[in-house]
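This report refers to the structure that appears directly beneath it.
The values are calculated or read from the model by the stated rules, or taken from the named source; none is laboratory data. What you see is a predicted model, and the numbers here were worked out from it, not measured in a lab. Glycine gets a Cβ as well: all are built from the backbone with ideal geometry, and neighbour counts include every protein chain shown.
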Amino acid sequence: MSREAKASLFYDGGNRMSAEIVNLRQFRKQQARSEKEKQAEQNRISHGRTKAEKQLTRALNEKAEKALDQGRIEDDKT
């Protein structure tokens, strides 16, 4: 991200420029917190399931795979 984007500089039409002052250390910390929260959400989705839920998902995936394989036409060119 460029320095201009971080500072949010804009021209207000007069003879002066206005800028939102941003503490870059705080900006980086907030950005890091946001990234950690995204990762935590993904981990909750992946690892936050019970054993029964994991077994059900596995069984449904295997059933779908078998159904797909049963409909497959094999081409034997011997």
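Of the residues making up the range 1-22, those that are surrounded by 10 or more Cβ atoms within 10 Å (Cβ to Cβ) and either at negative phi or at pLDDT 90 or above (or both) are Glu4, Lys6, Ala7, Leu9, Phe10, Ser18, Ala19, Val22.
Name the residue that is surrounded by the fewest Cβ atoms within 10 Å (Cβ to Cβ), counting only residues in the range 23-78 that are among the hydrophobic types (A, V, I, L, M, F, W, C) and in contact with a helix residue (DSSP H, G or I) (Cβ under 9 Å, 6 or more places away or on another chain).
Restricting attention to the range 23-78, the residues satisfying the condition of being among the hydrophobic types (A, V, I, L, M, F, W, C) are 24, 27, 32, 40, 45, 52, 56, 59-60, 64, 67-68, 73.
Next, from what is left, pick out any that are in contact with a helix residue (DSSP H, G or I) (Cβ under 9 Å, 6 or more places away or on another chain): 24, 27.
Values: Leu24: 10, Phe27: 12.
Going through the qualifying residues, I end up with Leu24.
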